[in-house]
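Worksheet: one structure, shown below.
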Amino acid sequence: MSLLPPPRVLTARLAVFLGAATLTSMLFINFCHLVFQCGCRSWWAGAADHCNIHMAGVPHCPWCTSGGFSGYVSFGAIVVVQALIAFWPGGAGVLGRLSGALLAFPVVGGIGAVVSGLATGYWSG
């Protein structure tokens with residue numbers, strides 16, 4: 001008896017994870033701007049070239065400062081939660097797993113953004 005699900009189930013879960021993680025990868029920098037109003041743009045439109053980290057005298061985007069470390073941590077947390085949702089054992093169907101994995105992006109990303117913003121005092125000024 002195998003502990004792994006059948007190959008078709010595993011393939012479906014992999015597709016859920018890859019779809020959610022790809023969308024997160026494509027839109028993460030847009031989410032950065034949505035939360036911090038920092039000037040970041042889509043990857044194909046200049047990315048962080050217009051971020052406020054390039055401007056003197058203004059609070060700098062918490063995710064883009066210090067080499068982007070807190071942004072990478074937040075992104076990583078999102079993708080880990082998406083993987084857990086996609087691959088967690090149980091009877092949840094593809095649609096339920098996909099919905100949960102997609103919802104993890106704004107929820108986990110929002111938590112990471114609030115923590116980063118409050119920790120750096122981004123909104124206090």
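The values are calculated or read from the model by the stated rules, or taken from the named source; none is laboratory data. No experiment lies behind these values; they were computed from the predicted model shown. Positions of Cβ are backbone-derived with ideal geometry, glycine not excepted, and every protein chain shown enters the neighbour counts.
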> Counting only residues that are assigned to a helix (DSSP H, G or I) and touching a residue at least 24 places away in the same chain (Cβ under 8 Å), which one in segment 26-40 is surrounded by the most Cβ atoms within 10 Å (Cβ to Cβ)?
Replying inline: 32
> Do you know which residues across segment 80-94 are out of contact with any helix residue (DSSP H, G or I) (no Cβ under 6 Å at 6 or more places or on another chain) and surrounded by 15 or more Cβ atoms within 10 Å (Cβ to Cβ)?
Replying inline: 92
> Among (1) in a helix (DSSP H, G or I); (2) modelled with pLDDT under 95, where does residue 64 come up short?
Replying inline: (1)
> Given 77, 48, which one is surrounded by 13 or more Cβ atoms within 10 Å (Cβ to Cβ), among the hydrophobic types (A, V, I, L, M, F, W, C) and either modelled with pLDDT of 95 or more or part of a loop (DSSP other than H, G, I, E, B) (or both)?
Replying inline: 77
> In segment 1-13, what residues are in a helix (DSSP H, G or I) and either modelled with pLDDT of 90 or more or of a type in the set (Gly, Ala, Ser) (or both)?
Replying inline: 8, 9, 10, 11, 12, 13
>> Every residue in segment 53-84 that is free of Cβ contacts under 8 Å to residues at least 40 places away in the same chain and within 10 Å of residue 20 (Cβ to Cβ), please.
In response: 81
> In this structure, is residue 50 farther than 17 Å from residue 109 by Cα and in contact with a Gly (Cβ under 8 Å, 6 or more places away or on another chain)?
Replying inline: yes
>> Between 16, 58, which is under 18 Å from residue 108 (Cβ atoms) and either modelled with pLDDT of 95 or more or among the hydrophobic types (A, V, I, L, M, F, W, C) (or both)?
In response: 16
